[in-house]
Amino acid sequence: MAESESTDVLIVGAGPYGLSLASRLRNHRVEHVILGESMGFWRHNMPAGMYLRSSWDWYLDPQGIWTIERFLKDRGLQKSDVEPFPLDTYLEYVEWFRRAEGIEPVESRVQRLDYGAEGTFVAVCSDGKRFSAKRVVIALGFSSFPHIPVELPSDLPRHRVHHTLDFVDLSRAAGKSFLIVGGRQSAFEWSALLAEAGAERVIVSHRHPSPAFEEADWSWVAPLVEGMIADPGWFRAISNEERSSISQRLWGEGRLKVEPWLEPRLRNAPVEVRPESRLRSASIGNGERVSVELDDGTTFGVDEIILATGYKADISRVDFVARGSVFDHIVAVDGHPVLDAHFQSSVPGLYMTSMLATRDFGPFFGFTVACRAAATVLGDELSRTQQTTNSDDAQRIHRS
């Protein structure tokens, strides 16, 4: 018989959003279980040597105690020592925060999410464990949402084509040649990392002009995100024009600029950038190399193709949701679940944050800058509704 455990709140996802929420629930003494490997995506789907675009003030603790600044002081480091911010250092910070808060994720993977008895949810895990919960929060990051553009040729040799999500072991890059499809931060960072790992040649193809090597300005983002704590619905309340303006500004900082610390790493590297070009065809040629043709008529051979094409949220691609009985009751628009001002979906008791919240809460939710605000709004709501639920339960028991 499978193990079974009951809890008030079940958090699915132990990345930045899940850990930050667990901290807030712990602060409110709300019973909860968090499922997943702590920072699993960051540990297994990001390459060693990567730097983050986030800043030292994008810390996870909603209570503002276990900040990155405090972590750096504890380690005898200065802010200038983490500019740019190494992935390994950030993971050390998150582990330091997790231990300080006493957050212990259960490393189980949910296979399906169903309705249980008396309005509860049941999460069935691949290791046989089962969790029933009154409320469930889906706090997933990028892992379910790699974006493969529909305009790519449909007959690409799949065993030679990888999304950046999957191509993170760069130890096999030495002596090989690569085509990277994409022209934003990840395309240029993977190019630098491949070259530093000994790649013979890296060609970067993207359909737009190349972005500028210029530092992104995130200073205006945090005040907007923090405003959600007092007014969670402000983004949905503004006009479509205002929303578009904010999204375009964030898009400009994140997509039209490439961090300047990449430029010297690429200057003398075997990297060729081909802006305003598209992949027309790719097939296995002589010698088992991939024969590539771009739409400008250029042809060449590579060993691997890497898609640095980003991510796009879509609730139907969350496998445990799509398999479960809750799926048919979720209202979504363009793949994004419709959420209320406290992150609750059309299914009462089912909440969603992180990337799945970008439609109703803004594009900031694709970045860690929004973790604390999301955790505060959602954690405070779950605490408030727990008190209401407990009161209702007590009255039912008294009447019976």
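The values are calculated or read from the model by the stated rules, or taken from the named source; none is laboratory data. Predicted model only: the values in this text are computed from it and were never measured. Using ideal geometry, Cβ is built from the backbone for each residue, glycine included, and neighbour counts are taken over all protein chains shown. Ligands, DNA and RNA are stripped out before the accessible areas are found, and what is left, the full protein with its side chains, is counted by its heavy atoms. Shrake-Rupley method; radii C 1.70, N 1.55, O 1.52, S 1.80 Å.
Table: residues versus (1) of a type in the set (Lys, Arg); (2) at positive phi; (3) surrounded by fewer than 19 Cβ atoms within 10 Å (Cβ to Cβ).
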site	(1), (2), (3)
Pro157	no, no, yes
Phe167	no, no, no
Ser171	no, no, yes
Gly175	no, yes, yes
Gln185	no, no, no
Phe213	no, no, yes
Q | Within the stretch 267-277, tally of residues that are closer than 16 Å to Trp190 by Cα and either open to solvent by 60 Å² or more (accessible area, probe 1.4 Å) or assigned to a strand (DSSP E or B) (or both) | A | 6
Q: May I ask you to list pairs of residues, at least six apart or on different chains, whose Cβ atoms are under 6 Å apart, with the first in the stretch 199-219 being over 26 Å from Ile305 (Cβ atoms) and the second being part of a strand (DSSP E or B)?
A: Glu214/Lys257; Ala216/Lys257
Q: Could you grab me the full set of residues in the stretch 327-354 that are surrounded by 17 or more Cβ atoms within 10 Å (Cβ to Cβ), outside any loop (DSSP other than H, G, I, E, B) and of a type in the set (A, V, I, L, M)?
A: Ala332, Leu350, Met352
(Q) I'd like to check something: does the stretch 135-146 contain any residue that is of a type in the set (Phe, Trp, Tyr), open to solvent by less than 30 Å² (accessible area, probe 1.4 Å) and within 23 Å of the chain's Cα centre (by Cα)? (A) yes
Q.
Restricting to the stretch 227-250, and then to whatever is open to solvent by 80 Å² or more (accessible area, probe 1.4 Å), within 14 Å of Pro363 (Cα to Cα) and charged (D, E, K, R), can you tell me which residue is nearest to the chain's Cα centre (by Cα)?
A. Arg249
Q: Filter the stretch 154-183 down to residues that are of a type in the set (S, T, N, Q) and outside any strand (DSSP E or B) and give me whichever is farthest from Ser291 (Cα to Cα).
A: Ser171
Q | Hey, Glu263 in a helix (DSSP H, G or I) and farther than 20 Å from Glu189 by Cα or not | A | no
Q | In the stretch 278-308, residue least open to solvent (accessible area, probe 1.4 Å) [restricted to those that are among the charged types (D, E, K, R) and in a strand (DSSP E or B)] | A | Glu304
Q: Please specify each residue of the stretch 295-317 satisfying the condition of being under 19 Å from Phe361 (Cβ atoms) and touching a strand residue (DSSP E or B) at 6+ places or on another chain (Cβ under 7 Å).
A: Tyr311, Ala313, Ile315
